[in-house]
Amino acid sequence: MRKGELTRQAVVDIAIRMARYSGLSGLTIGSLAAAADMSKSGVYAHFKSKEALQLACMERYSEQFSEEVFRPALGKPRGITRLQALVEQWMAWYAHPGGCLYLAAAAEFDDLPGPLHDRMVAEQRLMLDSLARIASTAVAEGELPEDTDVFQVAQEVFGILLSYNWMSRILSYPDAADRAWAAFHRLIDSHSS
């Protein structure tokens, strides 16, 4: 990478850390410039607008999510083991300080038309489709019946993860992980029998 690209990526990483606490709407060129120890014009030169900055954050966040959640899970054997590894990595992802930018973006942009809404929806669909593809490997491996609705499994796993995030981060329930795993195993067992 060239120096300009490295600087841009470093600024985006700082912006993501900030947005985990304030949401993407809370980002400003000025606050980011102060956090990155740059001038406003220096930050502006990389992004040209707040929306471009927000989109860059969403793109980089997606890359980070793939690197920390999906890639490690895809290294596991196909089937239930891979799906379980994905849930484990995803739960660890939710433990990052400041919360999940995906969830913040969903709350911020669910009713606002435009590129940020469209990007948020595309990311959510990609996550559900990825969960369904991983569930389909459990069908292919004979761990789930051939008639399993893999998108239903994906939606239920996603629901378990969202519930886990709420119970652990918002409500600080100490047994949130145990309850999430109990729900996951009940889900798998219900499709296996």
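The values are calculated or read from the model by the stated rules, or taken from the named source; none is laboratory data. As the structure is a computational prediction, the values presented were derived from the model and not from experiment. Positions of Cβ are generated from backbone atoms using ideal geometry, with glycine treated the same way; all protein chains shown enter the neighbour counts. SASA here: full protein model, heavy atoms, side chains in, ligands and nucleic acids out. Shrake-Rupley method; radii C 1.70, N 1.55, O 1.52, S 1.80 Å.
General remarks:
- Sparse packing (at most 16 other Cβ atoms within 10 Å of the Cβ) combined with a DSSP loop state is found for the following GluC sites (Glu not before Pro) in segment 130-193: 141, 146.
- A straight Cα-to-Cα reach below 23 Å connects residue 50 with the lysines 3, 40, residues fewer than 8 places away in its own chain not being considered.
- Size-normalised alpha-carbon gyration radius of the chain, reference 2.2 N^0.38 Å: 1.15
- For residue 73, net neighbour charge (Lys/Arg +1, Asp/Glu -1) across residues whose Cβ lies under 12 Å away: +2
- For the chain, the longest principal axis of the C-alpha atoms and the axis of helix 150-165 are separated by about 60°.
- Once the Cα-Cα distance is subtracted from the 0.36 nm per residue extended length, the residue 63 to residue 111 segment shows a gain of 14.8 nm.
- Looking at the chain, the accessible area is 52 square angstrom per residue; that uses a 1.4 Å probe and ignores ligands, DNA and RNA.
- Prolate/oblate/rounded label for segment 82-167 (Cα gyration tensor, a/c 1.5): oblate
- Proximal charge balance of residue 104 [Cβ under 15 Å; K/R count +1, D/E count -1]: +1
- Approximating the spin labels as points 7 Å out from Cα along Cα→Cβ, the residue 31-to-residue 121 distance works out to 2.7 nm.
- Nearest-20 debye value, the chain charge dipole, Cβ charges on Lys, Arg, Asp, Glu: 880 debye
- A cut-off under 14 angstrom between Cβ atoms defines the neighbours of residue 140, and their net charge, with Lys, Arg +1 and Asp, Glu -1, is -1.
- Segment residue 151-residue 52, length gained on full extension (0.36 nm per residue, minus Cα span): 32.4 nm
- Extension gain (nm, one decimal) between residue 40 and residue 172, 0.36 nm per residue minus Cα-Cα: 43.7 nm
- Short to long, the 10 Å bins of the Cα pair-distance histogram for segment 71-125 hold 22, 34, 33, 10, 0 percent of all pairs.
- Carbon/sulfur fraction of accessible area - segment 36-164, other protein chains in place, 1.4 Å, %: 52 percent
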